[in-house]
Amino acid sequence: MQNIKPKLLFVSITDKANGAENILLQAAHASNAGLLFLKKVNSGGLNIPDDLHVEYVSNGSISSGFSGLIKSLSPYRTDHIIFSTHPYLNAYLGFLKRIGYLKSKLIVRECSSVLTRYSGLKKMSYKIAYWLGYPGVNLVVCQTCSMRDAFVQHLPYIDGQKVIIQKNPIDIEQNLIKAEAALPVADNRAEFICAAGRLIPEKGFDLLIMAFDEIKSSRPNLKLFIFGEGPEQIALENLISELKLNDRVILKGWIANPMPYFKHAKACVVSSIKEGFPNVLLQMMILNPVVISTNCAGGIDEIPGIYLAEADNVNSLTTAINNALNTKKHNKNLIMRYVEDRTPEIFIKSILNALV
């Protein structure tokens with residue numbers, strides 16, 4: 001299947017500008033395909049090009065989106081290739097295939113290794129969802145070798161031949177263009193390092209704040225900017241106050257374009273404890289030669305040119321940040337060679353070629 005213009009539909013839960021949704025948008029744009037979202041978010045949504053067809057099942061709750069999805073899928077029941085992300089949605093669509101409602105081919109992408117990330121009732125709910133829906137899936141896309149290994153190990157009833165590895169895409173040109181925007185006047189002369197992501201425990205922002213506390217005295221002008229929003233905001237604000245870092249660590253909230261900050265930072269940091277693969281890491285690598293990342297996902301320890309820290313280890317993260325800031329020369333060419341084969345066009349072509 002060499003042509004990337006079959007009848008494609010990309011489906012996700014919301015149009016929130018998170019990592020998985022950005023992956024789908026890049027793939028949809030590369031293949032000029034439509035997008036279907038269960039719910040439209042009120043703020044912080046994807047910047048979707050005008051030439052892409054977009055549908056929303058609901059403006060209300062996600063549950064109402066699930067309940068209305070069957071009707072919205074009616075035009076796409078046959079002769080299409082449906083590409084979705086997020087395990088519950090993937091399982092729902094797979095179940096619709098198992099009962100014969102969907103006859104189109106279904107490709108699902110694993111956005112995280114949820115069966116190793118969670119425990120208890122949440123893990124059980126994912127296991128039930130996988131069991132109900134994933135036998136109906138035509139192709140499962142994992143981001144890394146370790147993610148595929150975990151998937152096959154935990155779900156032995158899924159044919160391993162249907163589970164492939166495809167690296168996340170990154171649109172280098174678009175990120176470079178976005179990075180040309182000017183910083184706000186208030187930050188134009190600031191000396192800072194930065195991080196970005198949802199404010200959730202898995203992102204390890206508390207560890208990053210504690211690591212910054214360790215280096216603050218030796219770098220009195222340096223600030224830490226964290227971009228994102230989420231349920232951990234109050235806990236992080238309390239930690240910042242407890243460490244008396246209110247004027248040094250700034251929770252910037254969600255912004256549409258953090259690329260200029262990535263470009264102008266003294267260093268960019270990924271502090272996650274566990275990830276499928278942190279897409280923001282690729283954006284940082286394109287825009288800044290000084291990138292620190294925890295070993296939070298498969299393959300990160302193989303990336304040339306970045307500064308690696310142990311996951312969930314404040315001391316290791318502190319050391320990596322210090323090493324990065326103290327190093328005078330950085331090999332940008334190594335980093336760019338790593339990302340140059342990750343275009344959205346290569347991403348979707350490779351996946352469609354693997355679909356039998």
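The values are calculated or read from the model by the stated rules, or taken from the named source; none is laboratory data. These figures come from a predicted structure and were not determined experimentally. A quick note on method: Cβ atoms are made from the backbone with ideal geometry, for glycine too, and the neighbour counts reach across all protein chains shown. With ligands, DNA and RNA removed, areas are computed over all heavy atoms of the protein, side chains included. Shrake-Rupley method; radii C 1.70, N 1.55, O 1.52, S 1.80 Å.
Return the residue satisfying two criteria in turn: it lies in the stretch 151-171 and is in contact with a strand residue (DSSP E or B) (Cβ under 8 Å, 6 or more places away or on another chain), hydrophobic (A, V, I, L, M, F, W, C) and touching a residue at least 40 places away in the same chain (Cβ under 8 Å), and of such residues it is surrounded by the most Cβ atoms within 10 Å (Cβ to Cβ).
PHE151
Just to be sure, is LEU121 among the hydrophobic types (A, V, I, L, M, F, W, C), open to solvent by 30 Å² or more (accessible area, probe 1.4 Å) and either over 30 Å from ASN32 (Cβ atoms) or touching a Phe, Trp or Tyr at 6+ places or on another chain (Cβ under 6 Å) (or both)?
When the stated conditions are applied, LEU121 passes them.
Please give the number of the condition ARG148 fails out of (1) in contact with a strand residue (DSSP E or B) (Cβ under 8 Å, 6 or more places away or on another chain); (2) over 22 Å from CYS296 (Cβ atoms); (3) not hydrophobic (A, V, I, L, M, F, W, C).
(2)
Go through the residues of the stretch 93-114 one by one and say whether even a single one is at pLDDT 95 or above, open to solvent by 10 Å² or more (accessible area, probe 1.4 Å) and of a type in the set (Gly, Ala, Ser).
yes
Looking only at the stretch 178-221, count every residue that is β-branched (Val, Ile, Thr) and more than 12 Å from SER271 (Cα to Cα) and tell me the total. Even if it seems obvious, please write down each step before you answer.
Quick first cut of the stretch 178-221, residues β-branched (Val, Ile, Thr) only: 185, 193, 200, 209, 215.
Of the ones still in play, those that are also more than 12 Å from SER271 (Cα to Cα) are 185, 193, 215.
Adding up the residues that qualify gives 3.
Kindly check whether there is at least one residue in the stretch 173-195 that is under 22 Å from GLY298 (Cα atoms), of a type in the set (A, V, I, L, M, F, W, C), within 20 Å of the chain's Cα centre (by Cα) and modelled with pLDDT of 95 or more.
Yes, the conditions are met somewhere in the stretch 173-195.
Among the numbered criteria (1) within 19 Å of ASP312 (Cα to Cα); (2) without any contact (Cβ under 8 Å) to a residue 12 or more places away in the chain; (3) of a type in the set (Val, Ile, Thr), which one does ILE215 miss?
Tallying (1) within 19 Å of ASP312 (Cα to Cα); (2) without any contact (Cβ under 8 Å) to a residue 12 or more places away in the chain; (3) of a type in the set (Val, Ile, Thr), ILE215 fails exactly one: (2).
Please enumerate the residues belonging to the stretch 199-208 that are in contact with a Ser or Thr (Cβ under 9 Å, 6 or more places away or on another chain) and part of a helix (DSSP H, G or I).
Across the stretch 199-208, the qualifying residues are GLU202, LYS203, PHE205, ASP206, LEU207, LEU208.
Can you name the number of the only condition in (1) on the phi > 0 side of the Ramachandran plot; (2) touching a Leu at 6+ places or on another chain (Cβ under 7 Å) that GLU191 fails?
Of the numbered conditions (1) on the phi > 0 side of the Ramachandran plot; (2) touching a Leu at 6+ places or on another chain (Cβ under 7 Å), the odd one out for GLU191 is (1).
Return the total of residues in the stretch 55-91 being crowded, with 17+ Cβ neighbours inside 10 Å and over 21 Å from the mean Cα position of the chain (by Cα).
Counting residues in the stretch 55-91 that are crowded, with 17+ Cβ neighbours inside 10 Å and over 21 Å from the mean Cα position of the chain (by Cα) gives 11.
Residue by residue, here is whether (1) polar (S, T, N, Q); (2) touching a residue at least 40 places away in the same chain (Cβ under 8 Å); (3) out of contact with any helix residue (DSSP H, G or I) (no Cβ under 6 Å at 6 or more places or on another chain) holds:
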| site | (1), (2), (3) |
| --- | --- |
| CYS296 | no, yes, yes |
| GLU310 | no, no, no |
| LYS329 | no, no, yes |
| GLU345 | no, yes, no |
| ILE348 | no, yes, no |
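Scanning for something closer than 24 Å to GLN143 by Cβ, open to solvent by 30 Å² or more (accessible area, probe 1.4 Å) and in contact with a strand residue (DSSP E or B) (Cβ under 8 Å, 6 or more places away or on another chain), does the stretch 317-332 turn up at least one residue?
No, because not a single residue in the stretch 317-332 is closer than 24 Å to GLN143 by Cβ, open to solvent by 30 Å² or more (accessible area, probe 1.4 Å) and in contact with a strand residue (DSSP E or B) (Cβ under 8 Å, 6 or more places away or on another chain).
Identify all residues within the stretch 223-250 that are hydrophobic (A, V, I, L, M, F, W, C) and buried (at least 18 other Cβ atoms within 10 Å of the Cβ); write none if there are none.
Answer for the stretch 223-250, where residues must be hydrophobic (A, V, I, L, M, F, W, C) and buried (at least 18 other Cβ atoms within 10 Å of the Cβ): LEU224, PHE225, ILE226, PHE227, LEU236, ILE240, LEU245, VAL249, ILE250.
Any idea which residue in the stretch 264-313 is least open to solvent (accessible area, probe 1.4 Å), counting only those that are closer than 20 Å to ARG198 by Cα, in a helix (DSSP H, G or I) and out of contact with any strand residue (DSSP E or B) (no Cβ under 7 Å at 6 or more places or on another chain)?
In this case the residue turns out to be LEU282.
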